[in-house]
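Have a look at the structure below before the remarks.
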Amino acid sequence: MDLSKRKFKEDFKKMLTEVYSMDISESESTEQFFTLGNLLRSYSSKNWSRTNQQYIEKQKKQAYYFSMEFLLGRMLKSNLLNLGILDTVRNGLQDFGIDLEQLITIEPDPGLGNGGLGRLAACFIDSMATSEIPAHGNGIRFKYGLFKQKFVNGYQVELPENWLQNGNVWETRKMHAAVTVRFYGKVWLEQNAAGVLEPHYSDTQDVLAVPYDSAVIGYDNSTVNTLRLWSAEIPPKDDITDYWSYIHQRNQIESISEVLYPDDSNYEGRLLRLKQEYFFVSAGIQSILRHYKKMHLHMNHLAEKVAIHINDTHPALCVPELMRLLLDEEHMDWDHAWNVTVNVMSYTNHTIMSEALEKWPIDMIRSLLPRIDQIICEIDRRFTMKMSTLFESALVERTRIVEGGNVKMAHLAIIGSHSVNGVAQLHTTILKEKVLHDFFLIYPSKFNNKTNGIAQRRWLMLANEPLRDLIQRKIGNEWETTPTELNMLKAFRDDKDTLHELAQIKQLNKERFAEYIKQTMNLEINTDAIFDVQIKRLHAYKRQLLNLLHILSLYFKIKDDPQADIQPRVFIFGAKAAPSYTYAKQIIKLINSVADLINQDRELENKLKIVFVENYGVSLAEKIIPAADVSEQISLASKEASGTSNMKLMLNGAITLATLDGANVEIRDRVGDQNIMIFGLRENEVYQYYRDGSYHSRNYYERNPVLHRILDALIDGTIPGAEAEGHSIFDSLVQYGDEYFVLRDFDSYAAVQERIDHLYRDTLKWQRMALINIAGAGIFSSDYTVQQYASQIWDVSSKVHPL
Ligand code: 26V
């Protein structure tokens, strides 16, 4: 938008007076932040309503991204950037003596997601608005986001994340758009006067779903889409007979949107979670149908105007819920309703870890959602009947939805969707050939790949302004909306000045991060060291342990020979463990204890440090990623569906140290073997081990003296404070078979780490690798990913054409 500094300053002063009756000298950061937030809302409101009007007038097909999680991060700077007024506002505020960077920190970081899946949803809605795709987010307005992590004596402690405490400046409560969601009760079918079967309900518990809408502002265009998050409330009542039972009921209802579940690694059949899933699914679909009806089209044509995306299985109840509404409310017959439903729905799988696959006890669904239970059983019955005529019975048994007293949510999502995708090429191949092979035999044409992506606006333009400026000076700014233009940077691969500038920027970012660590952790880190970064949820398959064992090997190397020729390193970790994931929490404690051991040892001063940041999340990622030299992507091959921090780190010039897992494979294809450090078992080798059962981790302990010594350190008192954890982790690796092949991959990991040690010393060579990575990262923009979803799955328009 066009906005002069003068106009902005006027508007800001006016808004401050209107909202707080203050002038600038009286105001504090909080008032200034809310004033600026309100101003941005007013700046984007015209485009927001115009976008919606246009979608209606042109009867545009719209997509709805249903996701339990949207891990947005702070929105102030992002909204300023997308409106094109970041510099104007920064300068204007400066004239008032207000520092924008400081104001930014006033905004709470809403942690409405666990990790990659939630962050992907956030990158997607940014990219959808930027690519002018008519698509909106639908989710839950959790009162509490993912827990706040603290370390007490090296142990993770969880605290509530009350992000709404001071209100959320970006949202609008839309009471007129509230809908009712029914739980429990009895349901029976009766013929009406016209002879049509209609469901009747008694004794239901009704919940009012109230939407809160936020604007999703496109970058440098006039599109403003909507993120709709639902909050659970007790429906208004005129007569309250028993006050205390009313309060009790209200609390029970409000608990539905109270808190995000923090376990992204283990399925838990908790009733409240099932309530959450049905709650936002039912509310979202009811609201979509309401909107659709305004177009006065027949429900048979729904799929021409509406696409619904099921982000992992959490919203898989979309399938029976749309069926319910079409059958019961719209009186469609089964076959037509089914045809519409399958054409509307599409589903993304985000994990092959079997322990995370959702399945709900059918009895639980029957009592909580009696009508949905009937519909699921009917879908299952028809599926098995039809498939039994075409496939062997064993295959049909393996693919049915209701099995062993459970409803398998992935099966429901696959059967009820026209498209099923994985999130990286390797992941999709594994789905087709292994995990979902039975379904691939039944529905080969449903399967497709959509490699994940990241929003280059947040992860480069906002997080790394010095790098953004350099890129702009070298190749202009086409890449901001056509990210493969970053390729043009390759022209500077041998330009010493550019490479030196790149080195300087990295140095600057490292110094900024070091300053932050000094302030927050009171820890000095050597900015000449390699900043080696592993940031992601703590999970055994991601192998933070492999990283730690290698750190211990460096520790011994220096202790044995203080003159050892080792490039100084700072190992940076950020990771939350699910509160009930004991092993992951033990690993956190062990890393923190090793950190204490190393960081307090004067002999290691400036050579080795471990920084384990507390409460890793989007805001911390924005600080760490620009400062990273090495990106650790070391999951056991076949286990990480895609990874997205790998993309963010490469875009910021870090060199990837990786197994050939998830999207690392595509990153390697992009930058070439010389510009990425690959090690470890390949996916087919892992599967070979599974088949022949020939991995015996104890042999590695017994036959490899380096490993032997490191592993002994876990149990011989070398690491004070983590004796219990050390024993338990030792046992998991040596006694209990080392499920994720940590010991098997250790040597090859240590070998590439040594190569990195040497490569880093040649600054020009290192920066050339960094440059190739930045140049090659464009293809991993979520702009391309969502454009492919739009054209290949949702069949909705987008401005920019896919690659
Ligand atoms: C799973 C569950 C299981 C049931 C209870 C609650 C809960 C909450 C979240 C999840 C999500 C697990 C799947 C996930 O986050 N996958 C990650 O998706 C990223 C985006 O596609 C991908 O880059 C990561 O590789 C993948 O681990």
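The values are calculated or read from the model by the stated rules, or taken from the named source; none is laboratory data. These figures come from a predicted structure and were not determined experimentally. Methodologically, a virtual Cβ is constructed for each residue, glycine included, from the backbone with ideal geometry; neighbour enumeration extends over all protein chains shown. To get the accessible areas, we keep the full protein, side chains included, count just its heavy atoms, and leave off ligands, DNA and RNA. Shrake-Rupley method; radii C 1.70, N 1.55, O 1.52, S 1.80 Å.
Return the pairs, sorted by first residue and then second, in which the second residue is part of a helix (DSSP H, G or I), the first residue lies in segment 357-381 and is under 15 Å from LEU325 (Cβ atoms), the beta carbons are less than 6 Å apart, and the residues are 6+ apart or on different chains.
The qualifying pairs are LEU369/TYR278; ARG371/ARG324; ILE372/PRO320; ILE375/PRO320; ILE375/MET323; ILE375/ARG324; ILE376/PRO320.
Residue check: is ALA215 out of contact with any Pro (no Cβ under 9 Å at 6 or more places or on another chain) and open to solvent by 70 Å² or more (accessible area, probe 1.4 Å)? If you could, list the steps in order and put the result at the bottom.
Values: out of contact with any Pro (no Cβ under 9 Å at 6 or more places or on another chain): yes; open to solvent by 70 Å² or more (accessible area, probe 1.4 Å): no.
Criteria not met by ALA215.
Within segment 378-406, work out how many residues are more than 16 Å from the ligand (Cβ to nearest atom) and either closer than 28 Å to SER265 by Cα or open to solvent by less than 40 Å² (accessible area, probe 1.4 Å) (or both). Lay out the reasoning, then the answer.
Here is the first cut: in segment 378-406, the residues more than 16 Å from the ligand (Cβ to nearest atom) are 378-405.
Narrowing the set further to residues that are either closer than 28 Å to SER265 by Cα or open to solvent by less than 40 Å² (accessible area, probe 1.4 Å) (or both) leaves 379-380, 383-384, 387, 395-405.
Looking only at that region, the number is 16.
Filtering segment 491-515 down to residues that are surrounded by 15 or more Cβ atoms within 10 Å (Cβ to Cβ) and among the aliphatic types (A, V, I, L, M), which residue is farthest from the chain's Cα centre (by Cα)?
In this case the residue turns out to be LEU499.
Among the residues of segment 714-755, write down those that are buried (at least 20 other Cβ atoms within 10 Å of the Cβ) and over 27 Å from LYS639 (Cα atoms).
Scanning segment 714-755 gives ILE719, ALA722.
Taking the criterion of being open to solvent by less than 10 Å² (accessible area, probe 1.4 Å), in contact (Cβ under 8 Å) with a residue 60 or more places away in the chain and within 30 Å of ILE774 (Cα to Cα), would at least one residue in segment 678-701 satisfy it? Don't jump to the end; show me each part of the working.
Start the filter on segment 678-701 by keeping residues that are open to solvent by less than 10 Å² (accessible area, probe 1.4 Å), which leaves 679, 681, 686, 697.
Cutting the leftovers down to in contact (Cβ under 8 Å) with a residue 60 or more places away in the chain gives us 679, 681.
Going one step further and asking which of them are within 30 Å of ILE774 (Cα to Cα), we end up with 679, 681.
Looking for residues that are open to solvent by less than 10 Å² (accessible area, probe 1.4 Å), in contact (Cβ under 8 Å) with a residue 60 or more places away in the chain and within 30 Å of ILE774 (Cα to Cα), one finds at least one in segment 678-701, hence yes.
Of all residues being part of a loop (DSSP other than H, G, I, E, B) and within 16 Å of the ligand (Cβ to nearest atom) in segment 293-325, which is surrounded by the most Cβ atoms within 10 Å (Cβ to Cβ)? Just the residue, please. Walk me through it before giving the result.
At the first step, the residues of segment 293-325 found to be part of a loop (DSSP other than H, G, I, E, B) are 294-298, 312-317.
In the following step, the residues that additionally are within 16 Å of the ligand (Cβ to nearest atom) were identified as 312-317.
Values: ASP312: 26, THR313: 27, HIS314: 25, PRO315: 29, ALA316: 29, LEU317: 31.
Across segment 293-325, the extreme among qualifying residues is LEU317.
Pick out the one residue from ASP328, ASP363 that is away from the ligand (no atom under 16 Å from the Cβ), over 31 Å from the mean Cα position of the chain (by Cα), more than 17 Å from SER282 (Cβ to Cβ) and open to solvent by 10 Å² or more (accessible area, probe 1.4 Å). Explain how you work it out, then say what you get.
On the way: ASP328 fails: more than 17 Å from SER282 (Cβ to Cβ).
Matching residue, one of ASP328, ASP363: ASP363.
Would you kindly identify the helices (runs of 4 or more DSSP H) lying entirely within segment 714-803 that contain at least 2 residues that are among the aliphatic types (A, V, I, L, M) and in the same structural domain as ALA595 (by TED's automatic domain parsing)? Reasoning before the result, please.
On the way: elements: 723-734, 742-759, 763-776, 782-788.
Here the list reads 742-759, 763-776.
Hey, could you check segment 634-663 for residues that are open to solvent by 10 Å² or more (accessible area, probe 1.4 Å) and within 13 Å of LYS536 (Cα to Cα) and say which is farthest from the ligand (Cβ to nearest atom)?
Result: LYS648.
Scan segment 1-45 residue by residue and report those that are under 19 Å from GLY84 (Cα atoms), surrounded by 14 or more Cβ atoms within 10 Å (Cβ to Cβ) and not aliphatic (A, V, I, L, M).
Passing the criteria: LYS5, PHE8, LYS9, ASP11, PHE12, PHE33, THR35, GLY37, ASN38, ARG41, TYR43, SER44.
Hey, among the residues in segment 439-462 that are open to solvent by 30 Å² or more (accessible area, probe 1.4 Å) and touching a residue at least 40 places away in the same chain (Cβ under 8 Å), which one's farthest from GLY218 (Cα to Cα)? Even if it seems obvious, please write down each step before you answer.
Narrowing segment 439-462 to residues open to solvent by 30 Å² or more (accessible area, probe 1.4 Å): 440-441, 443-445, 448-449.
Next, only the ones that are touching a residue at least 40 places away in the same chain (Cβ under 8 Å) stay: 441, 448.
Values: LEU441: 40, ASN448: 27 Å.
Applying the filter and picking the extreme gives LEU441.
How about segment 55-139: which helices (runs of 4 or more DSSP H) wholly inside it have at least 2 residues that are within 16 Å of the ligand (Cβ to nearest atom) and either outside the structural domain of ASN311 (by TED's automatic domain parsing) or in contact (Cβ under 8 Å) with a residue 60 or more places away in the chain (or both)? Before the answer, list the steps.
Values: elements: 76-83, 86-95, 100-104, 116-130.
Hits in segment 55-139: 116-130.
Could you count how many residues in segment 218-260 are farther than 30 Å from SER42 by Cβ, open to solvent by less than 40 Å² (accessible area, probe 1.4 Å) and either more than 16 Å from the ligand (Cβ to nearest atom) or assigned to a loop (DSSP other than H, G, I, E, B) (or both)? Spell out how you get there, then give the answer.
Filtering segment 218-260 for residues farther than 30 Å from SER42 by Cβ gives 234-256, 258-260.
In the following step, the residues that additionally are open to solvent by less than 40 Å² (accessible area, probe 1.4 Å) were identified as 234-235, 247, 253, 255-256, 260.
When the remaining residues are screened for being either more than 16 Å from the ligand (Cβ to nearest atom) or assigned to a loop (DSSP other than H, G, I, E, B) (or both), the result is 234-235, 247, 253, 255, 260.
Here the count works out to 6.
Can you name the residue in segment 261-275 that is outside any loop (DSSP other than H, G, I, E, B) and either in contact with a Cys (Cβ under 9 Å, 6 or more places away or on another chain) or more than 7 Å from the ligand (Cβ to nearest atom) (or both) and, of all such residues, is least open to solvent (accessible area, probe 1.4 Å)? Talk me through it step by step, then tell me what you get.
Within segment 261-275, the subset outside any loop (DSSP other than H, G, I, E, B) is 271-275.
Still in the running and either in contact with a Cys (Cβ under 9 Å, 6 or more places away or on another chain) or more than 7 Å from the ligand (Cβ to nearest atom) (or both): 271-272, 274-275.
Details: LEU271: 63, LEU272: 48, LEU274: 0, LYS275: 17 Å².
The qualifying residue least open to solvent (accessible area, probe 1.4 Å) is LEU274.
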